[in-house]
Amino acid sequence: MRHVSKTFGGWIAVLILIASPALPQSLFESSRTSTHEKLVSNNFSPGGFIRSVAYVANRPETDSKYLQSAYVQVGLLLDAKAGQWSTAKAEVRLKYGTEFDQAVSRMEIREATIDLRAGPAELTLGKLITPWGKGTMFNPVDKITPLDPTIRSPEQDDMLLGTWGVQGRIHLGNAMKLTATWKPVYRSSKLLIDPIPMPEYVNFLEPDHPGTELKEGSYGLNWDIYTGPMDLSLYWFEGYHHWPGIGYDSLMIDPITMEPLALNLVERAYRIRMAGLDLSVPLGSWIFRAEGGWQQTLESHETAEYLPFPELSYTAEVERSGRHFGLLAGYYGKYIIDYAPSLAEPSLLHIRAFNRLYNYQMDQFYHTVFLVGSLSLWHDQVEIGLPLIHHLTTGEWTILPGISYLPTDGLKITAGFSGLYGSENSLYDMVGPVLNAGYLSVKLSF
C-alpha cells in the first residue's frame, strides 16, 4: 500500500485557501485591470464533512485482533456558478491515519469538473466519476469506472475512483439524451488481492498501463430514453477495461529443491469492446430493473494469460420501498463464451488459471442471488441495513450488516461489519480472512 507523507497542518492551510470565497484583488490584478479577467462567480457554495473511522479485524497469521484501519478524513465540497451557462464542482479529501499496518497521509482531489451549457448541449471537463448502469448491486455495463474495493469505508460510493476525461451531452427533447465520454488517461481499479501478504518470492513489477497517446484513450456512448412506462439506456464502450489482468514476466527455480526463487508478475491493462442496455420500470411503490452486457477483448484470449474469455453478464432486480421498510431482491448471472475447462488449479504459479478465478470464468455459467433489507425507526433517526449476496456457483457469501444513528442534523454514527466468506479455493477464501472487519464511523456534515 503506497503512502505519501505530508503535514496535516499544511493540508489545512491549502483547504483554507481553496475554500476562501474572496481574496485580495491585488493578488490577481495588475494596474492594467482592463486587460485582465476578473475572478467573478455569481454563486459559490462551500460544504463538506469531517469523519473518523476505525476498523477492527483478525490477523489470519496470528489469530489476534488488531486495528486494521483508523483514520480521520476531511472532505471539502465546492460548487460554483458563473452566469447561466457555466458551473463547476470539486471535492477535495484529506486522510490521515493507518491502513493495513501502514501510515496513510494524503490529500487528493477526488472529483473536479467544469460544466458548460448552451441550449440542449452540455460539455463537462475534468476529473470525472461516471458510473454506468441502473443496477443497484451489479452493473454489467460499467467497464469505464475504476474502483478500489479495499477502501475501508462504510459508504460504498467511496470505492469509486475519478479519472480525467471529457463528457459531452445533448438533450434531444425531454425524452432522450445522448452522452459521449472520452477518457484519455487510464486509471486502473485496485486488485482485491493488494492488501494480502504474498510469498517472499512473488514480486509485482511496474504496471504495464497505456500511455497518454490519443489512440490509447477509452470511449463510451450511452443513449438514454425516457418514456412514461419505463426508462431505457443503451451503451457502447471501446477502451481499456478498468480491471487489469495479472501477467507473467519471469520465474526462477532453485535447481536443487525445485522451489521458486523469484516469480515476477505484472499488472497489464487490456482493451475490450462492450455493448449493453438497462431499463427500469416503476409500478407504484415497486421498481423493476434489468441490465445486461456483452464484452470481448480486442485481442484473442488465447494469446495472453491475462486476457479473459468473452462473456455475457446480466442482472434483474425488484425493489419495494415503504415509509419504514425497504426490500431489494435480485439475480445476477454470467455466461462465458468460448468456454474451455481450466487445465490447472488457480495459483500465482498458474497465473492463467488465477486470472480466470479472479474474473469468475472457471465455470461456464455463474449464478448469484442477493437480498437487501432496510428498516427506519424513531422518525428516521435509526437506519438498519442488511445486504446479503450469495454466489451459488462458487459458494461465496457477502454479508454487510450496518446500523446508523442520526441524533441531530448533520451528525451520523454508523457501526457494522464487512464480511466475505467462501468455500475452499475460492477467491473469497483467499481475501476474506484479510479483509473481514467490523467498523465504527462518526461523520459530521456541514
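The values are calculated or read from the model by the stated rules, or taken from the named source; none is laboratory data. As the structure is a computational prediction, the values presented were derived from the model and not from experiment. Using ideal geometry, Cβ is built from the backbone for each residue, glycine included, and neighbour counts are taken over all protein chains shown. In case anyone asks, the SASA skips ligands and DNA or RNA and just uses the protein heavy atoms, side chains included. Shrake-Rupley method; radii C 1.70, N 1.55, O 1.52, S 1.80 Å.
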Return the total of residues in region 287-304 being among the small types (Gly, Ala, Ser) and part of a strand (DSSP E or B). 3
Do we find that SER423 is small (Gly, Ala, Ser) and at pLDDT below 95 in this structure? yes
Report, ordered by the first and then the second residue, all pairs with beta carbons closer than 7 Å, sequence separation of six or more or different chains, a first member in region 392-413 that is in a loop (DSSP other than H, G, I, E, B), and a second member that is open to solvent by less than 50 Å² (accessible area, probe 1.4 Å) and of a type in the set (Val, Ile, Thr). LEU392/THR368
Tell me which of these PRO341 doesn't satisfy, since it passes every other one: (1) assigned to a loop (DSSP other than H, G, I, E, B); (2) within 30 Å of ILE253 (Cα to Cα); (3) open to solvent by less than 50 Å² (accessible area, probe 1.4 Å). (3)
Expected single match for under 30 Å from GLY419 (Cβ atoms), open to solvent by less than 20 Å² (accessible area, probe 1.4 Å) and not basic (Lys, Arg) among LEU191, LEU161 is LEU191
Of the residues in region 305-331 that are over 24 Å from the mean Cα position of the chain (by Cα) and outside any strand (DSSP E or B), the one that is surrounded by the fewest Cβ atoms within 10 Å (Cβ to Cβ) is ARG323
Would you please list the contacts, defined by Cβ atoms under 6 Å and residues six or more apart or on different chains, that run from a residue in region 365-389 that is outside any strand (DSSP E or B) to a residue that is open to solvent by less than 60 Å² (accessible area, probe 1.4 Å) and not β-branched (Val, Ile, Thr)? GLN381/LEU406
Within region 110-127, can one find any residue that is open to solvent by 40 Å² or more (accessible area, probe 1.4 Å), in a loop (DSSP other than H, G, I, E, B) and at pLDDT 95 or above? yes
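Name the one entry in PHE138, PHE100 that is under 29 Å from ILE170 (Cα atoms), open to solvent by less than 60 Å² (accessible area, probe 1.4 Å) and among the aromatic types (Phe, Trp, Tyr).
On inspection, the qualifying residue turns out to be PHE138.
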